[in-house]
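**Q** Mind looking over this structure? Questions follow.
The values are calculated or read from the model by the stated rules, or taken from the named source; none is laboratory data. All values reported here derive from a predicted model rather than from experimental measurement. Cβ placement follows ideal geometry from the backbone for every residue including glycine, while neighbour counts extend to all protein chains displayed.
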Amino acid sequence: EVQLVESGGGLVQPGGSLRLSCAVSGDTFRDLWMTWIRQAPGKGLEWVAQISPGGISTDYMDSVKGRFTATRDNAKNSLFLQMDSMRGDDTAVYYCARDVSWGRYDSWGQGAPVTVSS
Amino acid sequence: DVVLTQTPLSLSVTPGQPASISCKSTESLLHSAGGTVLHWYRQKPGQSPQLLIYEVSSRFSGVPDRFSGSGSGTHFTLNISRVEADDTGVYYCMQGLRMPRTFGPGTKVEIK
């Protein structure tokens, strides 16, 4: 069974930065797209970003373009989300998820809570 | 962006009774290769979301056959034939055809 474990969440001031990590077990990590999805308090799910298996191609939601960067280290089965110039509306639980095919997220992490507040 | 609309937004169901959730898309989710990229997820209280149904009607591993999905183009439905207490949670449809990927607003299912 694949396991995804996020870390790095916490409290950050507006304008600050935070880096989330997602450790993925299993030997298929390097073959699959990986995704970040977030959920603001009391709200629904919001797709944030994705990264290709080789890490060359990335896609982002409009509101995080230029501020968030998704990367991965296939040698360490790890996914990262660098979040800069953070704003209050970035406050959310951030999930990493494995994309088997066209948004079929078959495995999710437990979520990393992020709070942007002064 | 593709907008997904779910109805109803909340549902209270007696155990053993059926339940149905509708998901409508602002554009067709038919992929050029022939599949339709509409998935269903459930989020139980305090838990991460989990995949239930992918590509309209395929049940994910371990999902009971009480759950079924149907639809085509822009209209989709998730059916639960006989609701059980463990089915409580928020159900989301999601489209994987266009960027950005988008989710419906969610349907909260409560068991009476």
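Let's see how each residue does on (1) in a strand (DSSP E or B); (2) within 11 Å of chain B (Cβ to nearest Cβ); (3) touching a helix residue (DSSP H, G or I) at 6+ places or on another chain (Cβ under 9 Å):
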site	(1), (2), (3)
A:Arg30	no, no, yes
A:Ile56	no, no, no
A:Gln82	yes, no, no
A:Asp89	no, no, yes
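**Q** Quick one: what pairs do we get from segment A:11-30, first residue on the phi > 0 side of the Ramachandran plot, second acidic (Asp, Glu) and at pLDDT below 95, C-beta under 9 Å, 6+ apart or different chains?
**A** A:Gly26/A:Glu1
**Q** For segment B:77-96, give me each residue that is more than 10 Å from chain A (Cβ to nearest Cβ) and closer than 29 Å to A:Thr58 by Cα.
**A** Matches in segment B:77-96: B:Tyr91, B:Cys93.
**Q** Do we find that B:Met99 is within 9 Å of chain A (Cβ to nearest Cβ), under 19 Å from B:Leu4 (Cα atoms) and free of Cβ contacts under 8 Å to residues at least 40 places away in the same chain in this structure?
**A** Against the criterion (within 9 Å of chain A (Cβ to nearest Cβ), under 19 Å from B:Leu4 (Cα atoms) and free of Cβ contacts under 8 Å to residues at least 40 places away in the same chain), B:Met99 qualifies.
**Q** Could I ask something else about it? Based on this model, can you work out whether A:Ala49 counts as free of Cβ contacts under 8 Å to residues at least 24 places away in the same chain and touching a helix residue (DSSP H, G or I) at 6+ places or on another chain (Cβ under 9 Å)?
**A** no
**Q** From the list B:Thr36, B:Thr74, B:Thr14, which residue is within 11 Å of chain A (Cβ to nearest Cβ), in contact (Cβ under 8 Å) with a residue 24 or more places away in the chain and of a type in the set (Ser, Thr, Tyr)?
**A** Going through B:Thr36, B:Thr74, B:Thr14 in turn, just one is within 11 Å of chain A (Cβ to nearest Cβ), in contact (Cβ under 8 Å) with a residue 24 or more places away in the chain and of a type in the set (Ser, Thr, Tyr): B:Thr36.
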